[in-house]
Amino acid sequence: MSIRGPRKGENYELSVDLNSEYREKRKDAIKRVIASMTVGKDVSGLFPDVLKNMQTDDLEQKKLVYLYLINYAKTQPELVILAVNTFVKDSDDPNPLVRALAIRTMGCLRAEKIIDYLCDPLQKALRDENPYVRKTAALCVAKLYDLKPELVIENGFLEQLHEMISDSNPMVVANTVAALTDIHSASTANQPSTSSDSSTAFHITTPILNKLLVALNECSEWGRVAILNALGRYQAQDDKESEHICERVVPQFQHINGSVVLAAVKVVMIHLRKVRREELEKQLIRKMAPPLVTLLSSPPEVQWVALRNINLLLQKRPEILSNEMRVFFCKYNDPLYVKVEKLDIMVRLAHERNVDALLSELKEYASEVDVDFVRKSVKAIGQTAVKIEEAAEKCVNVLLDLIATRVSYVVQEAIVVMKDIFRKYPSTYEGVIPTLCANLDELDEPEAKASLIWIIGEYANKIENADDLLTLFVDSFTEEAYPVQLQTLTAVVKLFLKKPDSSQGIVQRVLNTATKDCDSPDVRDRAYIYWRLLSMDPAAAKSVVLSHRPPISIPRTTVAPAVLEELIGEIGSLASVYHKPAETFIGKGRLGADAMQKRAVEEADESQLSTQKALQTVVAGQQSENLLDFGDEPSTDGGGLSGLAATQTMLSQPAAANLIAGTSSNPLDDLVSIFGNVSMQPMSATPTPAPSQAAFGFGQPPSAAPGGAFGGLMTPTVSGSSTSPPTQQQQKPEEDLLGLF
Amino acid sequence: MGIDGLIILDNSGRSVIQSGFRSTTPAYPILQIDAVQHPSNADIPSACCHIACGDLRILCPISGNVDPLLGFAFIRTFVDVFEEYFGGVSLAAVKENFDVVYQLLEETLDSVGHPLTTSHNALRDIVLPPSLFSKLVNAALTSNLAGIGGSGPMHGPPVGPFSSPIPWRKAGLKYASNELYIDIAEELRAIVNKQGVPLSSNVFGKLEANCRLSGTPDCVLTFTNPQVMQDTSFHPCVRLQRWTREKSMSFVPPDGHFVLSEYRYAPSSTLAKFRGANPSSSVGVLPSKEVVPVPFAIKAKFEIEDTAASFNVTFSSRLTTRPIENVVVEFSLGEGAHAIKCVASRESGGLGRGLSSLETGMSASSMASWAFDSRKKVLRWEIPNVPPSTHWSLQGSFAASTTPPRPSHALQVRFDIQSHTFSALKVDQLKITGEGYKPYKGVRGRSSGNVEWRW
C-alpha cells in the first residue's frame, strides 16, 4: 500500500493517533494496531507511522513496535531497512533487555537487507556480560545460519558457539547446544556432500560431554531436553563412560516435566547398550519404572503418548514394569485410544502370578458397551491363553462364560480367539467344541465363520456330525465371503481325508461348486489343487492337508528387531509413538538428510550404525518376502507369525501366488493355463488334465525345499531341476498344454 | 527443535491469537487448525498437540521427529503462565490482554521452536503483568483479571533481569510479611470391584507451595515418615543428593506458587521393599496390606427388565471424624435412556424427612441432587457434604429405547476431603535459614479421589 488510504476509516484514525504528540495516545494506538493485526485486519499501510514510534524509552511500546515489524517485514522489506539504525543503536543500549530484544528481532525479520547489519551487533552480543543477551544471541546464530550460512562461517560464529559451551551460565550452555544442534542438522540436510561438514557438524567430544553433564542439572526444563537430546547422539568411548553418563542422567527421571523424563529415558536406553555391569543395568531398569508410572497420572493425551512409549520399551525390556500391571487397568471413562493401548500393555505384562487379576479384568471389559473395546478385550484373553500355558484353561473357561452371554459380537470374537487357542494347544480343549458349534447359526461375520469351520475341519474325526455341519456351509457356498469359502473347501477336504467313507459326496460337491460357480480365482485354484492331489496321490494330499502345524506364539515385538533398536534410540519422539521409523512419515527430503547423516557418521568412525543399517535392510527384505514365502509356511519358525497373522497368511497365500503368477516372466503361460483349466476341468470328471503351472507350483508340498516352491513359477525352465517329486511331474502337464495348443 | 508455534482457538474454532510461525509458510497454521477440526482430512507431515482449556483450545503443532510430550508440556507451561498473569484462561482474558499475550508468546517460544523463558519469576521481569492501574486507565475492569499486581512483591533496588545466580528465583525480593505455605494434596485413584475390594489403588501426591519470602532463604523440609513417598519427582530447586542421603528436601524456593514435589503413595512398596517378589494370592484382588482404604462404600442394585430398569445406589461414608465433601457419582445409563425418575435422599444419621421433589431433583432435607445429561446419557448425583458415618441413597428408574437397557457397570465417584491425607505424610520441621526474619509457615493436607466402583 504505497498509496495512502482514504482520509477516513479506522486505519486513518490510527494513523492520526500514531502521529499524535501525546505519548499515551501513541502507545494506545500501537496497541490498537496490534489488536487489528491479531484479528487479521490489514494494517500494513500504517508501517511508516508505526516505525516512527520505534525510538522510545518505553520498553513495552518498543516490544509492540517490534512485534509489528516482525509481522510485516515480509511484505514491506524495503521499509524495514529504515529500522536498521534503531536496531543497531538498541543493541548497544545499557538495558540488557533492550539489547536482547534488538538481537532477537533482527534474527526474526528474515530480511536479506537487515542481515548484513546483524553481524557486528551479534558479535558483541555473543560476548555480552549479561547471560540473557548471550543466550538470545546463541539462538540468533542458528537463525542466521538458516538464512545465510556463509556469514556464520566467515564471522567465526561457530567457533564462538563452541567456546560458549563452557559458559558459566547453564541456560547459555543449553541454548548454545540447541543452536549447534540446529546448525548441525541444517548443514547435514542442505549440503550433505561438501567437506565443510566438519566445521558445521556438532561433534560431541569428551570435554564437551562433561560440560553438558554439569549444565544438565542446573538449567531449565527446556534446556535439559536440548542437552539430553545432544547426549543421545554421543558415542561413548567405552563402557565406563556409558555407565558414567547413565548415572548422571538418572536423576532426571525425577523431573516434574514429562518430556525431560522421556528424553532421559532415551539417553539411558541408548547408553545402556554398552553397559556391561549387570547389577547396574538392573538398577537402571528398575529406576525407569516409577517415572513411567507417574506419567500415567497425567491427562489422557499425555497418557497415550506415555503408553505408546511404554509399549515400545516393554518390547525391548519386558522386565521394566513387570509388577505394575494394575496401574494399567482401564477405567470406564478412559478414552478408547487409551484403553486399547492399556490392553496391549496388560497382555505384555501378563505372567503366571498376575494372570488371574488380568482375566477377571478382561472379563469385566467384555461386558462393556463399546463394541471395539469388547472385541479387543476378548482378543486379549486369547493372546493371554497363547502366551501363558498355565492359564490357558482359565482363559478357555472365561471365553465359555462369554459365549454363554450370547451377545453376538462377543460370541463371534470368542470363536475367532478359540481357533488360536486350538492352534497353540492342539487336541487339548476338544470338550468345548460342541458349545462352539451350538452357536453356529448366530455367526454372521466371515472371520468367525471361517474360524469355526477351521475348527470343525481340524477335529472332523472327533465331531460326529461334522459332515452335517459342513453341509450347511457347502449349501450356501456361493453366498459366503471368500475366506469362508476357502475354509469350507479345506475343511471338507480334511473331513474327506479323515472319514473317506461317509463324505465322498460332499467333497465332490464342494469341489464342483468351487471350480465351476465360484468367481474367486483363489478359491477356484485351491479347489483344483485339492482335486488334483486327491485324485493323483491321496497320500500326498494327506501329508499336505493334514500336515503338522507348528504351534503359534504371541510375537514379543510388533516391529522388526532392527527397527525396534532404532526406535528405542528415539524414545519419546513421534517415531516411537507411531512405532515407525521417522523416514516413513516425514517428507522425502528428510529421508535423504538422515541417510546422509548416517553415512557421514559411518565414514567418520565405521560405527555399528552400518551393521545396524544393513541388518535393517535384511529384515525389511525378509518382511517383504513374507508374502512370497508362503509356500514354506509350516517350516518357518512360528515366532514370526502372530496367532492371527498365521491364519491370515494362510488365506492370503493364494493371493500371493496369483500375484506372482501375474508378474511372472511368462504371462502367456498363465493365460494358457487359466483357459486350459476352465475349459478342460468340467469335461473330465477325474481331473487328470493339466492344471496351470501356477497352480502346480503352489500345490507343491510345503515341507519340500522351502523357498523353492515358487522357483518353478518364476522361472519355468529351471523347475525341472528341482528335486521334489511333484515338480518332476510338472513336465508332463506342460507338454500336455503345449500339445493342446 | 520442533515446536512450530502456538495457536489459540475460541470454542467455535476460530483462531484468536497465534505465535509468529515465521519459519513456516503462512498457510501452515491454517492447515493445522483445519486438521484439528476435521481430523479425517489431516494430511500434513507433522503432528499437532492440542488440549481444551477453559473456553479455548490451545494448539501446538510440532514437526519433524520430536517428542510430542514436549508440545504437551509446553502447552501446560503456557497455561500455567497464563493463569499466573491473568488469573484464568478464558477468551475474555486473551482479548483484554492481547498485547501482553503477544509478548508472552514472544518470550516463551523462539521462532524456530525452542521454548525460552517460562519461569514465572523470570517472565515477570521482562513482560509486565497487566497492572490494576493500567486497567483503570483502559476502563476495562473485568472481574476475572483481578488478583495480580496489587499485593505483589515490593521491588528493592532495581536489579537487572537474569542477574540472579539462581535461575528459578529472582534476586532482591522483599516482602512486608514473609510466608511459606505448603499444601499436601493427594489424589486417590482406585478401581473397586463388585465385592467392594479395591483392584488397583494408587495415591498420587503433590507438595504445592506458595512462597512469599524476602531475600534468598534456604529451606529444609523434613518429614516424620518420608518412606511413604514413593516414585518422587522434584522441582529443580530441590537438592537431589540430600534427598537420597537423608530424605529431607533442601531447597532455595522459587517465588510464588510452585509444585515442590510429586510422589506416589503405594503401601505395597513400603511394606515389601522387594517389589512384587511376593506371589500375590490367586484371586484377582490385591492383598489387603497393599490397599489404600477407600473412604466410602457403595451398594448398587440394578434391576433390568426388557425396556426399563430401576436402580438403588447407596453411598455410605466410612470416615468417622471428617465429612466427605463434593461427592459426585456419575454413571452412564446407556444409549436411548429416557424417562429418568430419581429420588436422592439421606437414609440415616440425620433428619431424614424425605421431602423430595422429582421435578428439580433437589431434595430439601439433604441438599443432595441429581441431574441427567441427555447428550452424554450420564446420570450425575451430587452430595455437597457427607457427614461422618452417614448413608445416602439414590433410587430411580429409567426407560431405554434399546433392549435391554445397558447402564454402565461402573460408577465414577469423585470426592474431596479437607485436612486429610491418605498417606498420613507428616511434616516434621520446616527450617528456613539464611535470612534474618521469622517467617510464617503453614502446612495442611487435602485429599481428593477419583474412584471407579463396579457393580
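Computed extension gain for B:Asn225 through B:Asn312, at 0.36 nm per residue and net of the alpha carbon distance, reaches 27.2 nm. Only counting protein heavy atoms at a 1.4 Å probe, give the residues of the range B:178-215, ordered by number, whose accessible area falls by 40 Å² or more when the other protein chains are present relative to the chain alone. Listed by number, the residues meeting the 40 Å² cut-off are B:Arg189, B:Ile191, B:Leu199, B:Phe204.
Rg and Dmax over the alpha-carbon atoms of the range A:109-170 stand at 11.2, 34 Å. Above 22 Å, the calculated P(r) of the range A:253-370 contains 36 percent of its Cα-Cα pairs.
A:Asn465 to B:Asp416: FRET efficiency via 1/(1 + (r/R0)^6), r the Cβ-Cβ distance, R0 60 Å, to the nearest 0.05? Taking R0 as 60 Å, the efficiency between A:Asn465 and B:Asp416 is 0.45.
Out of every Cα-Cα pair that the range A:404-543 contains, those further apart than 25 angstrom amount to 24 percent.
For the pair the range B:99-129 and the range B:292-350, the centres of their Cα atoms are 47 angstrom apart. Between A:Arg509 and A:Ser427, the FRET efficiency estimated from the beta carbon spacing at R0 = 30 angstrom works out to 0.55. Scanning residues 5 or more positions from B:Gly205 or on other chains, those with amide H under 5 Å from its amide H are B:Glu187, B:Tyr263, B:Arg264, B:Tyr265, with H placed 1.01 Å from N in the peptide plane. Scalar couplings 3J(HN,Hα) for the range B:82-97, obtained by applying the Karplus form with A = 6.51, B = -1.76, C = 1.60 to θ = phi - 60°, are 4, 5, 4, 7, 10, x, x, 9, 7, 4, 4, 5, 5, 5, 6, 10 Hz; x denotes Gly and Pro. Taking each of A:Lys387/A:Lys580; A:Lys25/B:Lys95; B:Lys170/B:Lys206; A:Lys27/A:Lys148; A:Lys580/B:Lys247; A:Lys266/B:Lys194 in turn, the alpha-carbon distance tops 31 angstrom for A:Lys27/A:Lys148; A:Lys580/B:Lys247; A:Lys266/B:Lys194. Taking the chain by itself as reference, the range A:335-365 contains these residues with an accessible-area loss of 40 Å² or more in the full protein complex (1.4 Å probe, heavy atoms): A:Arg353, A:Asp356, A:Glu364. Which of A:Lys135/A:Lys211; A:Lys89/A:Lys124; A:Lys31/A:Lys124 have a Cα-Cα distance over 23 Å? Beyond 23 Å between Cα atoms: A:Lys31/A:Lys124. On association of chains B and A, roughly 7000 Å² of accessible area becomes buried (total for both chains; probe 1.4 Å). For the residue pairs B:Lys341/B:Lys377; A:Lys41/A:Lys63; A:Lys394/B:Lys299, the C-alpha atoms sit more than 18 angstrom apart in A:Lys41/A:Lys63; A:Lys394/B:Lys299.
Between A:Cys119 and B:Tyr437, what FRET efficiency follows from the Cβ-Cβ distance if R0 is 60 Å, with the result rounded to 0.05? My answer for the efficiency is 0.75.
When the alpha carbon gyration tensor of the range B:162-270 is reduced to an equivalent ellipsoid, the three semi-axes, largest first, read 33, 15, 11 Å.
Just so you know, the Rg over Rh for the range A:316-395 is 0.94, from Cα atoms, with Rh as the Kirkwood radius. Solvent exposure of the range A:460-561, expressed per residue, is 44 Å² of accessible area, with all protein chains present and a 1.4 angstrom probe.
The values are calculated or read from the model by the stated rules, or taken from the named source; none is laboratory data. The shown structure was predicted, so the numbers you read here are calculated from the model rather than taken from an experiment. Neighbour counts run over all protein chains shown; Cβ positions are idealised from the backbone, glycine included. For accessibility, only protein heavy atoms count, side chains too; no ligands or nucleic acids. Shrake-Rupley method; radii C 1.70, N 1.55, O 1.52, S 1.80 Å.
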